[in-house]
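Read the figures in this text as sums done on the coordinates, not as results from a lab. Computed from a prediction, not measured in an experiment: that's the story for all the values here. Note that we place each Cβ from the backbone using ideal geometry, even for glycine, and neighbour counts take in every protein chain shown.
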């Protein structure tokens, strides 16, 4: 009896039931949208990781904005034209971790030529005497702490003042940049199972007494940070440290390529999740997104290492100075996107980062 009543009730209400076709179509559209978003995250992650490993920029991944950046989905949907011409990115290596680490002891320009042949890593010596906007003449590495401030320190302000200083020094436009802490270096190194480097000279650590032989070797995260800190006891001091930093950067790129990190979505996701909180970048998101789209167009990711030619201090001067003969020619080549020609004419001033 109850069963008959239920059947009769269903029969009476069946005409009131809405058609299922539109609902099924809506569910299908939702599923397709989710699959497309996942594919875009994977593509965006590939470009992000490539540039992060190169040290040429990752969109604002800070402790407050950890994880995949919201702007990544716009990478392939913005409709913005792909940038043309030469591009320049500023990489600052900070002596320590967190806002209290205010010395930018490694200042590197990453120059991407218009022909997209390969990146150039250009060291600007930390002890170079420069004009810092609003602070007069001081060492280049002083721009960062001047910008960070002491009352409410912000690393982004330190980057911005350093960017302005470098732009005025070189006469180029800096398109984007990244601040890299020791913790981020350790994370990147471990993520690629160590970084191979070939050092031309022995380095003895003033901090751990570790000896890095003048030979090819593989560095783990702790060893990488130890090497990059060393300048005391080196024949050319901080300039030798800059050279070792360029060698390390080249080894990091090659190792990431050999390990397949740039093409493995799982490893990319782990790398970005691990290193994200330790990176601070230029707030110019639009320019940074444009740069990300260029990563796959590079014919080679093996960088050429260069340094701004300088001369030692004389008399009471405590600053390195730009070489009056070589530096103007070098900076002209940088501004005119002719670094390949300059390197060919001055092979002794070039290291292949190997």
Inset, instruction - Rank these for me by crowding, 209, 254, going from fewest to most other beta carbons within 10 Å. - result: 209, 254
Inset, instruction - Normalising by the residue count of the range 130-246, find the relative contact order in percent from Cα pairs under 8 Å and 6+ residues apart. - result: 16
Inset, instruction - Would you mind calculating the gained length between residue 207 and residue 167 on full extension (0.36 nm times residue separation, minus the Cα-Cα distance), in nm to one decimal? - result: 11.0 nm
Inset, instruction - Along Cα→Cβ, 7 Å out, is where each label goes; now give me the distance between the ones at residue 338 and residue 232 in nm to one decimal. - result: 4.4
Inset, instruction - Estimate the FRET efficiency between residue 214 and residue 150 by the formula 1/(1 + (r/R0)^6), using the beta-carbon distance for r and 30 Å for R0, to the nearest 0.05. - result: 0.15
Legend entry - Residue order, fewest to most surrounding Cβ atoms within 10 angstrom, among 346, 111: 346, 111
Inset, instruction - Using only alpha carbon pairs under 8 Å that are at least six residues apart, calculate the relative contact order of the range 118-170 and give it in whole percent. - result: 29
Legend entry - Sorted by Cβ density within 10 Å, fewest first, the residues 155, 89: 155, 89
